[in-house]
Amino acid sequence: MLNDILEAHGGLANWQTVTELTATFTAGGPFWRAKGWPGDQLDLTARLDPRTQRIEFSPFADATLVLDNGEVSLLRDGEVLQARADPRAHFDGLDLKSRWDDPLRFGYFLAYAMWNYLTTPFQFTYPGFTTRELPDWQGMRRLAVSYPDTVHAHHRDQTFYFGHDGLLRRLDYVVDVNGGADVAHLVEDHRTFDGLVFPARRHVHPRNQDNTPDLGFEGITVELRDVEVKRAR
């Protein structure tokens with residue numbers, strides 16, 4: 001199953017020549033303002049290393065946000081304004097309704113999430129990841145994925161759903177840093193950039209007890225506009 005998924009998204013051999021991705025996107029939805037961000041959306045450019053968990057965003061809070069193997073920093077003109085070596089610990093004691101009172105919380109959440117989204121499904125082949133096929137659900141094939149401790153993610157165990165064409169349709173997880181919210185994350189509008197396939201639209205919903213998404217509430221949206229691929233020569 002995993003080989004079929006990798007091929008549907010552009011092929012592992014193709015991915016292995018990639019040295020950097022630059023993606024432009026908009027993150028929207030009521031989540032951001034509810035958490036304390038001064039607005040309903042973020043228009044960002046992300047540049048990431050596809051091999052190690054390093055990603056940077058600009059402009060972010062009038063600066064550049066960098067997540068580098070777990071350490072998050074806010075920089076302006078090369079000067080470090082704020083930094084945290086253990087950003088996940090700064091969510092301890094917060095629940096689903098807690099507001100995030102500083103940009104590093106938002107930056108950490110968005111940075112680890114987008115790095116994972118933009119490297120799926122190829123990251124499943126990286127050291128420490130394990131996968132296991134699950135029974136189909138509503139016509140979709142399912143893959144249980146366990147993440148290593150070295151990769152920051154919403155949760156260590158997640159479930160990915162794929163169409164019979166091998167393309168990603170949905171992922172389920174618990175958001176550890178947001179009070180353990182149960183999420184059904186739907187994806188659509190797959191687009192090809194330099195031979196690699198990415199979903200251009202993402203919609204994040206609460207997940208009901210019967211495993212269906214609560215389509216009555218859409219907390220976060222992500223609209224991917226462009227991806228530039230840099231390759232080894």
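The values are calculated or read from the model by the stated rules, or taken from the named source; none is laboratory data. All figures in this text were calculated on a predicted structure; none of them were measured in a lab. Please note: Cβ atoms are built from the backbone with ideal geometry, for glycine as well, and neighbour counts cover all protein chains shown. When the accessible area is computed, the model is the full protein with side chains, heavy atoms only, and any ligands, DNA or RNA have been set aside. Shrake-Rupley method; radii C 1.70, N 1.55, O 1.52, S 1.80 Å.
Rounded to the nearest 500, the 222 nm mean residue ellipticity of the chain from helices alone is -4000 deg cm²/dmol, with -39,500 (n - 2.57) taken per DSSP H run of at least 4 residues. Comparing ASP157, ASP182, ASP101 in a Gaussian network model of the chain (Cα springs below 10 Å), the most mobile by mean-square fluctuation is ASP101.
By the compact-protein rule of thumb, 2.2 N^0.38 Å, the alpha-carbon radius of gyration of region 1-62 corresponds to a ratio of 1.50.
Ordered from longest to shortest, the equivalent ellipsoid semi-axes for region 26-143 are 27, 19, 15 Å, each the square root of 5 times a Cα gyration tensor eigenvalue.
Each of GLY195, ALA23, PRO148 was placed along the dipole of the chain (beta-carbon charges, centred on the mean Cα), and the one lying farthest toward the positive end is GLY195.
Note on region 57-75 and region 81-148: Cα centroid distance 17 Å, given to the nearest whole angstrom. A simple spin-label model places the labels of ARG233 and LEU167 3.4 nm from each other, with each point 7 Å out along Cα-to-Cβ. At q = 0.12, 0.18, 0.20, 0.22 Å⁻¹, what log₁₀ I(q)/I(0) does region 140-233 have when each alpha carbon counts as one equal point scatterer in the Debye sum? Values, matching the q order: -0.44, -0.95, -1.12, -1.25. Each peptide in 62-68, 26-32 was scored by the mean count of other Cβ atoms within 10 Å over its residues; highest first, the order is 62-68, 26-32.
Out of the total accessible area of the chain (probe 1.4 Å, heavy atoms of protein only), what percent is carbon and sulfur? Mind dumping the intermediate values first?
On the way: 4980 of 10670 Å².
With neighbouring chains kept in place, the figure for the chain is 47 percent.
Rounded to the nearest 20 debye, the dipole size of the chain about its Cα centre is 200 debye, using +1 on the Cβ of Lys and Arg and -1 on the Cβ of Asp and Glu.
Computed over the alpha-carbon pairs of the chain, the distance histogram in 10 Å steps reads 7, 33, 40, 18, 2, 0 percent, short to long.
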